[in-house]
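Report on the following structure.
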2 protein chains.
Amino acid sequence: MARRSRSNPLALAILCLLQERERHPYDLVATLKNRHKHESIRLNYGSVYSVVDRLEADGLIEAVRSEQDGNRPPRTVYGLTESGKDELVDWLSTLLSTPRREYTHFTAALSLLPSLPPADAVALLRTRLAAIERQLAEDDAGEEFAGRELGLPRLFLIEAHYEHALRRTERDFVAALIDDIEHKDMEGIGLWTHFHESGFSVPPNALPPTNGVWRELDESVRERTGNRPGDDRFRGASSTQPLATPT
Amino acid sequence: MARRSRSNPLALAILCLLQERERHPYDLVATLKNRHKHESIRLNYGSVYSVVDRLEADGLIEAVRSEQDGNRPPRTVYGLTESGKDELVDWLSTLLSTPRREYTHFTAALSLLPSLPPADAVALLRTRLAAIERQLAEDDAGEEFAGRELGLPRLFLIEAHYEHALRRTERDFVAALIDDIEHKDMEGIGLWTHFHESGFSVPPNALPPTNGVWRELDESVRERTGNRPGDDRFRGASSTQPLATPT
DNA sequence: TGACGAATACTCGATTCAGAGTATTTGATA
DNA sequence: TATCAAATACTCTGAATCGAGTATTCGTCA
């Protein structure tokens, strides 16, 4: 059998819940929300039903019975199969033992930061910093609540603690970044400022070739040189005609 | 016009590149890889072409001309429109200023940790820890290289520095977690161990009601009580018949 | 000079997903 | 007792995504 996709951790969460006992789809959703798993795993109805179908098609879960309450739509109750149990252990083990590249929106935004003028960037990062501080305070209050009021053991809050630690790192990083930009305490800021002030909206390729930041990167990173796309000096020496008809 | 989806940061990256100058799709891909943006933004061919189509349909970019080199497939060169420029600034500003929930595979895995026996969890986390340490060492070497050999300003490596900081946090967290589990230095570990040893693969609902962790959570978090799905005491009091025909 | 691998430049189809929409029931309120 | 909001339990559709596949050309090395 071709390897399953494993791209959506919701499928893994479902396997875990079905390991506890049999459940119908709506019960899965309700339980996940109840346990606040939707804060660490993307969850919505459409996904649940299609993921359940896929798991069933792959033989990892199976319908064990159908229930009906009055006139409501019948509910199909699912249980874990043997190979489902195997997949659960293997998948979860891989996720835990092997770091993989994680893509986040904020990292993406940081990598595009030079596309905004430095002053704007600082203002926006300040707004973010304030929001993070608020969130950190809420985290503390929430932990207080879970620990004291609910008596919820730390074991069941591991992911919340981890996210809290990440958030603190984010706060420190953003604060330091703001400082560095403001005090021009970072290589490249002169260029950044200059190019936005002089009306070129983008730094790298506006540089004369000899100082071209990206050019140097291109040269060093690639074994061979040449006038190729991706090389920022690329200007298309091929035949060019105006585009006549749009699609 | 209905608000654009903004779920795929690749579209934002493309807007940023087109702000620099006009490019054709393959040039976009090559440039993104060249600048190592594919390490912070998920990138593959299929996505690029469909994202470009979408951006064009939304009027954020437009085809400016078509080039052809000998017998190769013609290349359509795109440029940024005025509303594209607006969207770029607005989208990037939002990403920077407003924290949003970020879903990662590792956080998902942590939230499902109790589904494995504690001893297994510790072993897997140790493997991860070693991999993170290796990665951290590579980060240092890579930074050395970029800074010294390439003279690449820190401004263009912000995202790499941020990921490095996150990785250090992850290392510390994982190391501490291993310790806590091993020294049973965490509330809930007794139960966790017990339930895996006694053959119940899952802790929460195996508890007697009076000590039920999730039950208490359910009670406290929800305003009302009752025998409903998602409540872990739920056992389906409705009519039940065996499932006759599978689909 | 001819063969082969790497790079160029996409195309296509099969999943996968998000989220809006639908219909029923329960419980609180007026 | 009628009504209305909230909760229950999905269904459907169109969009987004992924990755494999295709076809051409260039450079290099025997």
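Once region B:2-24 is narrowed to residues that are within 22 Å of the chain's Cα centre (by Cα), open to solvent by 10 Å² or more (accessible area, probe 1.4 Å) and more than 8 Å from chain A (Cβ to nearest Cβ), the residue that is farthest from DNA strand D (Cβ to nearest atom) is B:Arg6.
All told, B:Ala165 meets the bar of being at pLDDT 85 or above and hydrophobic (A, V, I, L, M, F, W, C).
Checking each residue in region A:40-62 for being more than 10 Å from DNA strand C (Cβ to nearest atom) and more than 7 Å from chain B (Cβ to nearest Cβ) picks out A:Val52, A:Glu56, A:Gly59, A:Leu60, A:Ile61, A:Glu62. Hey, any hits in region A:29-36 for a residue that's within 14 Å of DNA strand D (Cβ to nearest atom), open to solvent by 70 Å² or more (accessible area, probe 1.4 Å), under 17 Å from the mean Cα position of the chain (by Cα) and facing another protein chain (nearest Cβ under 7 Å)? Scanning region A:29-36, I find no residue that is within 14 Å of DNA strand D (Cβ to nearest atom), open to solvent by 70 Å² or more (accessible area, probe 1.4 Å), under 17 Å from the mean Cα position of the chain (by Cα) and facing another protein chain (nearest Cβ under 7 Å), so the answer is no.
Only residues that are more than 7 Å from DNA strand C (Cβ to nearest atom) and either of a type in the set (Phe, Trp, Tyr) or surrounded by fewer than 17 Cβ atoms within 10 Å (Cβ to Cβ) (or both) were counted in region B:68-77, giving 3. Does region B:103-117 contain any residue that is more than 9 Å from chain A (Cβ to nearest Cβ), open to solvent by 20 Å² or more (accessible area, probe 1.4 Å) and away from DNA strand D (no atom under 16 Å from the Cβ)? Yes, that holds for at least one residue.
Yes or no, residue by residue, for (1) on the phi > 0 side of the Ramachandran plot; (2) near DNA strand D (Cβ under 10 Å from one of its atoms); (3) surrounded by 17 or more Cβ atoms within 10 Å (Cβ to Cβ):
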site	(1), (2), (3)
B:Tyr26	no, no, no
B:Arg42	no, yes, no
B:Val51	no, yes, yes
B:Ile61	no, no, yes
B:Leu80	no, no, yes
B:Glu87	no, no, yes
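With respect to the conditions (1) within 16 Å of DNA strand D (Cβ to nearest atom); (2) open to solvent by less than 60 Å² (accessible area, probe 1.4 Å), A:Ala57 falls short on a single one, namely (2). Every test in (1) over 21 Å from the mean Cα position of the chain (by Cα); (2) crowded, with 19+ Cβ neighbours inside 10 Å; (3) at pLDDT 95 or above; (4) among the aliphatic types (A, V, I, L, M) is passed by A:Ala130 save one, and that test is (2).
Apart from one condition, A:Ala11 fits all of (1) among the aliphatic types (A, V, I, L, M); (2) in contact (Cβ under 8 Å) with a residue 40 or more places away in the chain; (3) more than 10 Å from DNA strand C (Cβ to nearest atom); the exception is (3).
The values are calculated or read from the model by the stated rules, or taken from the named source; none is laboratory data. Note that the structure is predicted; figures quoted are calculated from it, not measured. For neighbour counting, all protein chains shown are included, and Cβ atoms are generated from backbone atoms with ideal geometry for every residue, glycine included. For the accessible areas, the whole protein counts, side chains as well, though only heavy atoms, and no ligand, DNA or RNA atoms are used. Shrake-Rupley method; radii C 1.70, N 1.55, O 1.52, S 1.80 Å.
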